[in-house]
1. Given the criteria touching a Lys or Arg at 6+ places or on another chain (Cβ under 8 Å) and exposed (fewer than 14 other Cβ atoms within 10 Å of the Cβ), does residue 66 qualify?
2. Just to verify a result, which residue in the range 30-43, among those that are within 15 Å of the chain's Cα centre (by Cα) and not aliphatic (A, V, I, L, M), is farthest from residue 168 (Cα to Cα)?
3. Taking residue 128 as meeting all but one of (1) in contact with a strand residue (DSSP E or B) (Cβ under 7 Å, 6 or more places away or on another chain); (2) at pLDDT below 70, write down the number of the exception.
4. Which residues, taken from the range 143-167, are in contact with a strand residue (DSSP E or B) (Cβ under 8 Å, 6 or more places away or on another chain), in contact (Cβ under 8 Å) with a residue 24 or more places away in the chain, over 22 Å from residue 98 (Cα atoms) and not small (Gly, Ala, Ser)?
5. Quick one: residue 50 ticks every box in (1) in a helix (DSSP H, G or I); (2) over 22 Å from residue 148 (Cα atoms); (3) touching a residue at least 24 places away in the same chain (Cβ under 8 Å) bar one, so which box is it?
Amino acid sequence: MDAFRPVFVIGSLIAICLISFGSLATSESAAEKLVIGLTVPEGSPDEKFQRLFISEAYRRVKIEVEIKHYPMKRTSIMANNGLLDGEAERVGDYSERFTNLIRVEESPRSLKFVANAANPAITLEKEEEGWEALRNTSYLVDYHRGVKKAEEKLTELVSSENLSKIDRVEQGIKRLKSGRTDILITSDYWLKKA
């Protein structure tokens, strides 16, 4: 872990739960079961936390819930199209892009995006500007596939030839350590778990 360091914090990610409009009608029936999509690896500490949080919240309102695991992008599409009743832990403005979802304001935790580098010579001017500090950078930048907020910001700021997607944070850390990338964008939470 000490082989790389945070360059700066670039934004906040509020972990939220979302439910689809379609689930509102079905949840009134005690016989129905809500199906919630998770995007974290099954059996991981993150998955256990989300499963416990969601199961307990719905148990308290006497609604049965089933948890299913899918990749981030697929979960978004399925929930927005009514194939899932909801999903967990998305950014605050997520429901603006996926209009068939309603944001549940209760947030189990808050995360921050951070830019990490292994090379101590890497610095970014205007760190206080957050995402903007990456505009037109010549550094190679990796981010986690399926993290919509990071994708939207980075594709606007970093040239496509300098931008790569990773499937897991551990993969990004290996790429940093080996010099195959210069900066890894991830959440502070995921970085601690890697």
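The values are calculated or read from the model by the stated rules, or taken from the named source; none is laboratory data. Nothing here was measured: the structure is a model prediction, and the numbers come from that model. Note that each Cβ is placed from the backbone with ideal geometry, even for glycine, and that neighbours are counted across all protein chains shown.
1. Yes.
2. First pass over the range 30-43, keeping only residues within 15 Å of the chain's Cα centre (by Cα): 37-41.
Those still in the list that are not aliphatic (A, V, I, L, M) too: 37, 39, 41.
Values: 37: 18, 39: 12, 41: 10 Å.
Of everything passing the filter in the range 30-43, 37 is farthest from residue 168 (Cα to Cα).
3. Only one criterion is unmet by residue 128, namely (1).
4. Answer for the range 143-167, where residues must be in contact with a strand residue (DSSP E or B) (Cβ under 8 Å, 6 or more places away or on another chain), in contact (Cβ under 8 Å) with a residue 24 or more places away in the chain, over 22 Å from residue 98 (Cα atoms) and not small (Gly, Ala, Ser): 158, 162, 166.
5. Going through the list (1) in a helix (DSSP H, G or I); (2) over 22 Å from residue 148 (Cα atoms); (3) touching a residue at least 24 places away in the same chain (Cβ under 8 Å), residue 50 breaks only (2).
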